[in-house]
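These notes are about the structure you will find just below.
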Amino acid sequence: MKQSVKRMAVLIAAGALALTSLTGCTSFDNDDAVATVGKEEIPAGVANFYARMQQAQYETYYAPMMGTTGEALWQQEMEEGKTYEESTKETLLLNLENLYLIRQHAEEYEVALTEEDTKAIEEVAKKFDEDNALEEKEAVSGYKKYIEEYLELVTIQSRMDPKMKEGVNEDVSDEEAAQKSMKYVYFPYSTTDADGNTKDLTEDEKKELKKTAQTFADTLKASETKDIDALAQKSGYEVKTTTFDSESTAPNADLVKALDALTTEGDVTDVIESDYGIYVGKLTSLLDREATDTEKTNIVAQRKQEQYDSLLADWRKETEITENKKVWNKIDFEKQGVTAKQSDDQYDDAADAE
């Protein structure tokens, strides 16, 4: 959640909005509750503002990258029987409820807004007000009290995040994090011409390629140095390098399995066939120090995230949460597009407010 929260705070501070479509006025009262967390109601104004800021990111940045429009994006099927909009809104409401839960437990961790936080939040809300016209503010519930409420929530969450992750066991052994390394050559069952057009090999061509790969593997195994780089260069093939463990599936699960079974550094696999080509791999290290240390960091981060998620799950079980879908469903992404217009000013303090 923290990454999206930071991006959201920066967008609020540094961007103005443009409505790409508008079918009518907001059909709910901003003070209507979209959900109740314990004894605390989540105003539709806060929920709408949060949802529209997220929508602006998707429609401004992600939709063009995916080669589609904002409206078309939301109509796409994310999973069986659920559109991208429905799936996204489901996650947004869950995240918003969690923000309120976290604030309700902040006192237990001695977390509270500072004077600097309050000042920064007020400045961000003021700039957003100045950067957007009335129509945009009405459409996204972009009024001072809702913006400030939202920024208070994300500021407290950012302070709570490290505290909720404190105390996990940070000792990770080499055995637990062990990463091996490989070099491999891939013989694809396709060719690409100068114009970038790809053509699949015929069955006869595949048989010839397998003979080539087998010769490569046999030659490499028989050589004294097993220098895969030199042999590949001589044969006109590219050598790739990566690290792995027994759970890895890239670049190919069968290749990983074959290399993981080797016990001596420098050993070479047999040819490994896949649907799209053939691999020949060489085990270059039984314990890649750099990759193993990185994996230790990843394991600790995963433990911290699991503790964070577990706390949230416990708080949700202990707290009565009710959702007013009738109000929440009125926040419709398809019928009202929102994109971000970059402001000429930069508001670096906004990220600090988070």
Residues of the stretch 141-150 being touching a residue at least 40 places away in the same chain (Cβ under 8 Å) and not hydroxyl-bearing (Ser, Thr, Tyr), which ones? 142, 145, 147, 149
Considering only residues that are modelled with pLDDT under 85, charged (D, E, K, R) and out of contact with any strand residue (DSSP E or B) (no Cβ under 6 Å at 6 or more places or on another chain), look in the stretch 128-156 and name the one that is farthest from residue 51 (Cα to Cα). 130
Across the stretch 129-140, which residue is surrounded by the most Cβ atoms within 10 Å (Cβ to Cβ) among those that are out of contact with any Asp or Glu (no Cβ under 9 Å at 6 or more places or on another chain) and touching a residue at least 60 places away in the same chain (Cβ under 8 Å)? 140
Say we look at the stretch 299-308 and pick out the residues that are of a type in the set (D, E, K, R) and surrounded by 13 or more Cβ atoms within 10 Å (Cβ to Cβ); which of these is farthest from residue 163 (Cα to Cα)? 303
What is the number of the single condition among (1) on the phi < 0 side of the Ramachandran plot; (2) modelled with pLDDT of 90 or more that residue 38 does not meet? (1)
Hey, residue 321 within 28 Å of residue 205 (Cα to Cα) and out of contact with any Cys (no Cβ under 9 Å at 6 or more places or on another chain) or not: no
Give me a count of the residues in the stretch 155-195 that are hydroxyl-bearing (Ser, Thr, Tyr) and closer than 30 Å to residue 205 by Cβ. 6
Inspect all residues belonging to the stretch 332-347 and state whether any of them is outside any strand (DSSP E or B), over 30 Å from residue 200 (Cβ atoms) and in the same structural domain as residue 220 (by TED's automatic domain parsing). no
Of the residues in the stretch 266-307, those that are of a type in the set (Val, Ile, Thr) and under 31 Å from the mean Cα position of the chain (by Cα) come to 292, 294, 297, 299, 300
Among the candidates 115, 170, 208, single out the residue that is within 30 Å of residue 308 (Cα to Cα) and without any contact (Cβ under 8 Å) to a residue 60 or more places away in the chain. 115
Of all residues in the stretch 111-128, how many are crowded, with 17+ Cβ neighbours inside 10 Å and either outside any loop (DSSP other than H, G, I, E, B) or aromatic (Phe, Trp, Tyr) (or both)? 7
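The values are calculated or read from the model by the stated rules, or taken from the named source; none is laboratory data. None of the values given here were measured: they were computed from a predicted structure. As a convention, Cβ positions derive from the backbone with ideal geometry for all residues, glycine included, and neighbour counts pool all protein chains shown.
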